[in-house]
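In what follows, a single structure is set out as structure tokens and then discussed.
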Amino acid sequence: MGCDSRDDSPGGRRGTYHRGMPHRTLRDAIDDLERHGQLRRIDALVDPHLEAAEIQRRVYAEHGPALLFTNVKGCPFPLASNLFGTLERTRFFFRQTLPAVKMLVELKADPDKVRKAPWKYWTLPWLLWRMRPRMARHGAILAHSIPVAGLPQVVHWPEDGGAFVTLPAVYTEDPNHPGWSRSNLGMYRVQLSGNEYTPAEVGLHYQIHRGIGVHHAAAVAKGERLRVN
């Protein structure tokens, strides 16, 4: 197992990234793709209104690489796209964790397999320990803030109601049972702008019987706002 020393300053990269280990951040994943020739940077100015999405669709249709738009109009952040554009690239992303996920799926379908073949699942305790919930209490993401309008305002189609995030991780907790044990982490379409939205408003689209919908109903019943991350 090799490792790269990384210094994030302009002159170099700081920290240590171990090849073969699961990615700790999205930047790790993007760097991993680029090192293996599976990502292309687009340094030309790209408009997040329709243009970025059209480039993405054409590259996806050709089974092309992941993309990193480094010069997004009206936005200080780069924009990653097509990360999961092919099945092969998705497997590459999770090459170190996919066997563990398969193991957990097997055991969920038939927990008795542990008793029948304990040698096959000897890594299970270590795996469950690695999967325990952990809270972030410090770091760059908590030391800074940015308004919703500062995020890439990606509009995908001409008649879309506004800018959307189509593959987010949305976290909520049960108002009646706070904490991670009854929390929900799902992908729900997030609308950042459009119609009569103010710059500080975000819209969520979800089905009322899903996890976040159940949490929302509980919050309404208590006369509370539902906190969403």
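The values are calculated or read from the model by the stated rules, or taken from the named source; none is laboratory data. Predicted model only: the values in this text are computed from it and were never measured. Every residue, glycine as well, gets a Cβ built from its backbone with ideal geometry; the counts of neighbours run over all protein chains shown. These area figures cover heavy atoms from the full protein model, side chains too; ligands, DNA and RNA do not enter into them. Shrake-Rupley method; radii C 1.70, N 1.55, O 1.52, S 1.80 Å.
Taking every DSSP beta bridge that has both residues in the chain, what percent is antiparallel when rounded to the nearest 5?
Counting only bridges with both partners in the chain, antiparallel ones make up about 70 percent.
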Going by accessible area, probe 1.4 Å, with all protein chains left in place, what is the ranking of Val105, Val154, largest first?
Val105, Val154
Cα pair distances in the chain, grouped into 5 Å bins until the bin that holds the longest one, percent each:
1, 5, 9, 12, 15, 17, 16, 12, 7, 4, 1, 0
Relative contact order (%) - the chain, alpha-carbon pairs under 8 angstrom, separation at least six
13 percent
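If you filter the range 76-183 for trypsin sites (Lys or Arg not before Pro), then keep DSSP loop positions with at most 13 other Cβ within 10 Å, what is left?
Values: sites: Arg89, Arg91, Arg95, Lys102, Lys108, Lys113, Arg115, Lys116, Lys120, Arg130, Arg134, Arg137, Arg182; in loops: Arg95, Arg134, Arg137.
Answer by residue number: Arg95, Arg134, Arg137.
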How would Leu167, Leu98, Leu67, Leu124 rank on accessible area, largest to smallest, probe 1.4 Å?
Leu167, Leu98, Leu124, Leu67
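I need the calculated FRET efficiency for the pair Lys222 and Val114, taking r as the beta carbon distance and R₀ as 45 Å, to the nearest 0.05.
0.65
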At what distance in angstrom do the alpha carbon centres of the range 95-137 and the range 167-199 lie from each other?
27 Å
Calc'd 3J(HN,Hα), the range 175-189, phi into Karplus 6.51 cos²θ - 1.76 cosθ + 1.60 (θ = phi - 60°), Hz, glycine/Pro = x, comes to x, 7, 9, x, x, 6, 4, 10, 7, 9, 10, x, 9, 10, 4
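How much net charge surrounds His215 when only the other residues with a Cβ under 15 Å from the Cβ of His215 are counted, with Lys and Arg +1 and Asp and Glu -1? Before the final figure, lay out the partial values.
Numbers: positive: Arg182, Arg210, Lys222, Arg225, Arg227; negative: Glu173, Asp174, Glu224.
Here the charged neighbours net out to +2.
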Which whole-number percent is the relative contact order of the range 15-112 (Cα, under 8 Å, 6+ apart)?
23 percent
Once the other residues with Cβ under 15 Å from the Cβ of Trp126 are scored (Lys, Arg +1; Asp, Glu -1), what is the net sum?
+3
Write down the accessible area per residue of the chain in Å², having rolled a 1.4 Å probe over the full set of protein chains.
70 Å²
Thr70 - accessible surface, heavy atoms, 1.4 Å probe, Å² rounded to 10
50 Å²
Using a 1.4 angstrom probe on heavy atoms only, work out the carbon and sulfur share of the accessible area of the chain in %.
58 percent
How much accessible area does Trp157 have with a 1.4 Å probe, in Å² rounded to the nearest 10?
130 Å²
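Given the -39500 (n - 2.57) contribution per DSSP H run of 4+ residues, what per-residue ellipticity at 222 nm results for the chain, rounded to the nearest 500 deg cm²/dmol?
Details: 8 runs with 67 residues, N = 229.
So the helix-based figure for the chain works out to -8000 deg cm²/dmol.
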Estimated distance in nm for a label pair at Arg27 and Phe84, the labels positioned 7 Å out from Cα along Cα-to-Cβ
2.4 nm
